[in-house]
Amino acid sequence: MNAYTEPILWAVLIFPFVAMLFTAPYVLVQYHKYGAIPMIRVGIVYSFILYLIAAYFLVILPLPSQEEVAMMTGPTTQLVPFAFITDFIQNTSFVLSDPSTYLKAFTEPYVYQVLYNVLLFVPFGIYLRYYFNCSFKKTLFLSFLLTLFFELTQLSGLYGIYPRSYRLFDIDDLMLNTLGGIIGYFIAAIVTKVLPSRNRIDEISFQKGTKITVWKRLVGFFLDLFLASISSIFVGVFFRIIVPNSARNTQFMISITTFVLYFLIIPVCLNGATLGKKFLNMKLVTLDQQKPKFYQYFVRYLLLFGVVVPFPIYLAQISLVLIGIMRLDQSVLLLFLLFILGCITCFYYFYLFVKMAQKKLLWYEKVSKTCNVSTIRFKSVQHDENLEKEEEIEKEVFYDVNPN
């Protein structure tokens, strides 16, 4: 069983790193489309990614050495359909005229390979029908394409890494894998009875999307920080190109000005939303749900980036200055200072996280009298059994922040 367990183990080990590559775009797209990400959606999507990784590793692993492959002289393809039936008769104790051999033959090792080829694609068919709402024809087509991709991967010698194919391109594998996808499609009918439907998951997402959660705020903050930083760097480089003899201080001030204007001009133009907030369906309003004044944007972001975010850095700088003034032995106090500052920083940011999770305004929001609201249009699908049709109801819902 090592031939099967080892690839799965590798998939489990590599999965967190691959998942990290999908995390950022997946989170952004889901927040943009629905405004929230229910845990059931996260579980389904990431289990699907894990399944694909495991299936891929089962196909390509274990990898032989270059020398082993170079010495191979056997065929690289098997293009005779249903050859596995002949192989079954030849490689098992199955005798058509002797019914007593039937059960024993189906428990012998050769059968495992055939069952493996079918079972490998059963989850794929389930995912396609349950989560991706694929029809039977689409499930059949996509299952065939995936198994064709696996077989071509083997035939190409892992995309040219090996001088020749180290595994057989087998047309029977194409048929058996595709059959597994079809079986999964029909099994998915049972899954839909147990788990909420895709439409229901979407509805839950839209309902959650009408609220400004702590995670949504953090995603919006880091997205805006990234966009503002990229913009300031781009403008700074562009200014350096067109004015090559400009002083470094001037270039730095141009970059800083761009960063500041990102949070001042764009919200004015986009009715209270930065580019990040716009993408995530959020915007800023006053505490009485009005459009903020220009000075309110200035006060909010000045306090956020000038005080709230860098506060631990200020503490570290003050502490280092005090150590220098008091002429204390820095080698003795430095590690202790770093430990204390680390604890204070962790507690400080955790406190801010908890306050946001409790949907309470932070002090800089109270001073600027601004808060985030959601602009998601809530979509609810109602089923009318008599009319046998679906009606979609849309309404714009704003999230009310607890001002306490």
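Report yes if Asn281 is under 30 Å from Met356 (Cβ atoms) and open to solvent by 70 Å² or more (accessible area, probe 1.4 Å), otherwise no. Against the criterion (under 30 Å from Met356 (Cβ atoms) and open to solvent by 70 Å² or more (accessible area, probe 1.4 Å)), Asn281 does not qualify.
Counting only helices (runs of 4 or more DSSP H) that sit completely within the range 110-180, those holding 3 or more residues that are of a type outside the set (A, V, I, L, M, F, W, C) and farther than 25 Å from Arg41 by Cα correspond to 136-155, 157-160.
Lys359 meets each of the listed conditions (1) at pLDDT 90 or above; (2) of a type in the set (Lys, Arg); (3) in contact with a helix residue (DSSP H, G or I) (Cβ under 9 Å, 6 or more places away or on another chain); (4) open to solvent by 60 Å² or more (accessible area, probe 1.4 Å) apart from (1). Residue count for the range 232-259 satisfying the condition of being under 31 Å from the mean Cα position of the chain (by Cα) and either surrounded by fewer than 16 Cβ atoms within 10 Å (Cβ to Cβ) or assigned to a loop (DSSP other than H, G, I, E, B) (or both): 2.
Considering only the range 274-293, I want to know if a residue exists there that is at positive phi and touching a residue at least 12 places away in the same chain (Cβ under 8 Å). Let's see the steps before the verdict.
As a first pass, look at the range 274-293 and keep what is at positive phi: 281, 289.
Of the ones still in play, those that are also touching a residue at least 12 places away in the same chain (Cβ under 8 Å) are 281, 289.
Scanning the range 274-293 turns up at least one residue that is at positive phi and touching a residue at least 12 places away in the same chain (Cβ under 8 Å).
Taking the range 41-55 as the search range and keeping residues that are within 13 Å of the chain's Cα centre (by Cα) and not hydroxyl-bearing (Ser, Thr, Tyr), which one is modelled with the highest pLDDT? If you could, list the steps in order and put the result at the bottom.
Step one: list which residues in the range 41-55 are within 13 Å of the chain's Cα centre (by Cα), which gives 41-50.
Cutting the leftovers down to not hydroxyl-bearing (Ser, Thr, Tyr) gives us 41-45, 48-50.
Values: Arg41: 79, Val42: 75, Gly43: 80, Ile44: 83, Val45: 81, Phe48: 86, Ile49: 82, Leu50: 80.
Looking at residues that are within 13 Å of the chain's Cα centre (by Cα) and not hydroxyl-bearing (Ser, Thr, Tyr), I get Phe48.
Taking Thr375, is it open to solvent by less than 50 Å² (accessible area, probe 1.4 Å), in contact with a strand residue (DSSP E or B) (Cβ under 8 Å, 6 or more places away or on another chain) and at pLDDT below 90? In short, yes. Out of the residues in the range 284-298 that are in a loop (DSSP other than H, G, I, E, B) and out of contact with any Pro (no Cβ under 9 Å at 6 or more places or on another chain), which is most open to solvent (accessible area, probe 1.4 Å)? If we take residues in the range 284-298 being in a loop (DSSP other than H, G, I, E, B) and out of contact with any Pro (no Cβ under 9 Å at 6 or more places or on another chain), then Lys293 is most open to solvent (accessible area, probe 1.4 Å).
One residue stands out among those in the range 70-106 that are open to solvent by less than 90 Å² (accessible area, probe 1.4 Å) and aromatic (Phe, Trp, Tyr): the one that is modelled with the highest pLDDT, which is Phe84. The C-beta contact set for the range 244-271 (first residue more than 30 Å from Asn372 (Cα to Cα) and touching a residue at least 12 places away in the same chain (Cβ under 8 Å), second residue outside any helix (DSSP H, G or I) and open to solvent by 30 Å² or more (accessible area, probe 1.4 Å), distance under 9 angstrom, 6+ apart or interchain) comprises Gln251/Val243. Among the residues making up the range 197-216, those that are closer than 21 Å to Met282 by Cα and either open to solvent by 70 Å² or more (accessible area, probe 1.4 Å) or modelled with pLDDT of 90 or more (or both) are Gln207, Lys208, Lys211, Trp215.
Yes/no matrix, rows are residues, columns are (1) of a type in the set (Gly, Ala, Ser); (2) over 30 Å from Ala70 (Cα atoms):
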{"site": "Leu120", "(1), (2)": "no, no"}
{"site": "Pro163", "(1), (2)": "no, no"}
{"site": "Tyr185", "(1), (2)": "no, yes"}
{"site": "Lys193", "(1), (2)": "no, yes"}
{"site": "Ser197", "(1), (2)": "yes, yes"}
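Here the range 147-169 is the region considered, the condition is being surrounded by 19 or more Cβ atoms within 10 Å (Cβ to Cβ) and among the hydrophobic types (A, V, I, L, M, F, W, C), and the residue that is farthest from the chain's Cα centre (by Cα) is Phe169.
Which one of these does Ser229 not meet: (1) over 18 Å from Gln30 (Cβ atoms); (2) assigned to a helix (DSSP H, G or I); (3) in contact (Cβ under 8 Å) with a residue 60 or more places away in the chain; (4) under 27 Å from the mean Cα position of the chain (by Cα)? Here Ser229 clears every test but (3).
Given the residues Lys208, Lys193, which is the only one that is assigned to a helix (DSSP H, G or I) and under 24 Å from the mean Cα position of the chain (by Cα)? I'd like the intermediate steps shown before the answer.
Numbers: Lys193 fails: under 24 Å from the mean Cα position of the chain (by Cα).
So the residue among Lys208, Lys193 that is assigned to a helix (DSSP H, G or I) and under 24 Å from the mean Cα position of the chain (by Cα) is Lys208.
The values are calculated or read from the model by the stated rules, or taken from the named source; none is laboratory data. Keep in mind that this is a model prediction, so the values were computed, not measured. Cβ atoms come from the backbone with ideal geometry, glycine included; neighbour counts cover every protein chain shown. Surface accessibility is based on the protein's heavy atoms, side chains included, excluding ligands, DNA and RNA. Shrake-Rupley method; radii C 1.70, N 1.55, O 1.52, S 1.80 Å.
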